[in-house]
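To start, the structure under review is shown below, and the notes come after it.
The values are calculated or read from the model by the stated rules, or taken from the named source; none is laboratory data. Computed from a predicted model, the values in this text were never measured in an experiment. Glycine also receives a Cβ, built like all others from the backbone with ideal geometry; neighbour counts cover every protein chain displayed. Heads up: the accessible areas ignore ligands, DNA and RNA and are worked out on the full protein's heavy atoms, side chains in. Shrake-Rupley method; radii C 1.70, N 1.55, O 1.52, S 1.80 Å.
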Amino acid sequence: AQSVTQLDSQVPVFEEAPVELRCNYSSSVSVYLFWYVQYPNQGLQLLLKYLSGSTLVKGINGFEAEFNKSQTSFHLRKPSVHISDTAEYFCAVSDQAGTALIFGKGTTLSVSS
Amino acid sequence: DAGVIQSPRHEVTEMGQEVTLRCKPISGHNSLFWYRQTMMRGLELLIYFNNNVPIDDSGMPEDRFSAKMPNASFSTLKIQPSEPRDSAVYFCASSPEWQGALAFFGQGTRLTVV
């Protein structure tokens, strides 16, 4: 079985500052990894995914994440955040045999001016 | 395509009443997932279907919860009887493949049981 740990429940940052949201996973098999964003009162939207290939994955809205197999991590980064990036961010894992997504508890990113 | 459609968007019901949440997956998607989101437990997978067949319902909290997928374009999640601790946002997601890797989420149903 897989599990996901998001190390920070809340991350406050100032506009135009860089941000990193941390995610570690646990699995005995090869996995797919994802980051989703949830804006208030909205459903989840896929930011980016790692399925195979390059360990640096670029997503929408200027976000990127790096898969580190040795550290079982998939941290999300953005070099310069905007107020509009304020949202809840979820890291998720799925095993390659084909199971549903398992989510972390989420990280609330609050961007202020 | 309109995406995954869930109804109702909001539901307020009294304890003990039956609640039915509905989901229309994206046309052509053959996997469907029900999740529950609460502050305490985050996003929990309740059940998922592949080709209308329930594959894993180990996340369903108790017998008061049941889910059906009578055809490829419709699924329901029923709670009978409902309890205040069932209050949460329930999300439906669908995927074009067996794997949940490409899941698209609906807007969710916010359930409040009073």
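Numbers for the structure displayed
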{"read-out": "Whichever residue in region B:87-106 is out of contact with any Phe, Trp or Tyr (no Cβ under 8 Å at 6 or more places or on another chain) and either farther than 18 Å from A:LEU51 by Cβ or among the aromatic types (Phe, Trp, Tyr) (or both) and, among such residues, is surrounded by the fewest Cβ atoms within 10 Å (Cβ to Cβ)", "value": "B:TRP98"}
{"read-out": "Contacts under 6 angstrom Cβ, first residue in region A:18-39 being within 14 Å of another protein chain (Cβ to nearest Cβ) and under 14 Å from A:PHE63 (Cα atoms), partner at pLDDT below 95 and open to solvent by 40 Å² or more (accessible area, probe 1.4 Å), 6 or more apart", "value": "A:PHE34/A:LYS49; A:TYR36/A:LEU46; A:VAL37/A:GLN45"}
{"read-out": "Among (1) within 14 Å of chain B (Cβ to nearest Cβ); (2) surrounded by fewer than 22 Cβ atoms within 10 Å (Cβ to Cβ); (3) modelled with pLDDT of 95 or more, the one test that A:TYR89 misses", "value": "(2)"}
{"read-out": "Odd one out for B:ASP63 among (1) among the acidic types (Asp, Glu); (2) within 24 Å of A:GLY104 (Cα to Cα); (3) without any contact (Cβ under 8 Å) to a residue 60 or more places away in the chain", "value": "(2)"}
{"read-out": "All positions within region B:9-29 that are crowded, with 16+ Cβ neighbours inside 10 Å and of a type in the set (S, T, N, Q)", "value": "B:THR13"}
{"read-out": "Strands (runs of 3 or more DSSP E) wholly inside region B:54-114 that include at least 3 residues being hydrophobic (A, V, I, L, M, F, W, C)", "value": "B:65-71, B:74-79, B:88-95"}
{"read-out": "Exclusive hit being out of contact with any helix residue (DSSP H, G or I) (no Cβ under 9 Å at 6 or more places or on another chain), on the phi < 0 side of the Ramachandran plot, among the aliphatic types (A, V, I, L, M) and more than 14 Å from chain A (Cβ to nearest Cβ), set B:VAL12, B:VAL19", "value": "B:VAL12"}
{"read-out": "Of all residues making up region A:16-39, the number that are within 27 Å of B:GLN107 (Cα to Cα), open to solvent by 70 Å² or more (accessible area, probe 1.4 Å) and outside any strand (DSSP E or B)", "value": "1"}
{"read-out": "Residues of region B:30-48 classified as small (Gly, Ala, Ser) and open to solvent by 30 Å² or more (accessible area, probe 1.4 Å), total", "value": "0"}
{"read-out": "Breaking point among (1) among the β-branched types (Val, Ile, Thr); (2) open to solvent by 10 Å² or more (accessible area, probe 1.4 Å); (3) under 16 Å from the mean Cα position of the chain (by Cα), for A:VAL13", "value": "(3)"}
{"read-out": "Test: residue in region A:49-65 that is more than 11 Å from the chain's Cα centre (by Cα), within 21 Å of A:THR5 (Cα to Cα), open to solvent by 50 Å² or more (accessible area, probe 1.4 Å) and among the aliphatic types (A, V, I, L, M)", "value": "yes"}
{"read-out": "Subset of region B:17-53 (residues that are among the β-branched types (Val, Ile, Thr) and part of a strand (DSSP E or B))", "value": "B:VAL19, B:THR20, B:THR38, B:ILE47, B:VAL53"}
{"read-out": "Matching residues in region B:72-86 - criterion: being open to solvent by 50 Å² or more (accessible area, probe 1.4 Å) and closer than 11 Å to B:PHE49 by Cα", "value": "B:ALA72"}
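Okay, residues lined up against (1) modelled with pLDDT of 95 or more; (2) within 11 Å of chain A (Cβ to nearest Cβ):
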{"position": "B:PHE49", "(1), (2)": "no, yes"}
{"position": "B:GLU62", "(1), (2)": "no, no"}
{"position": "B:ASP86", "(1), (2)": "yes, no"}
{"position": "B:SER95", "(1), (2)": "no, yes"}
{"position": "B:LEU102", "(1), (2)": "no, yes"}
{"position": "B:VAL113", "(1), (2)": "yes, no"}
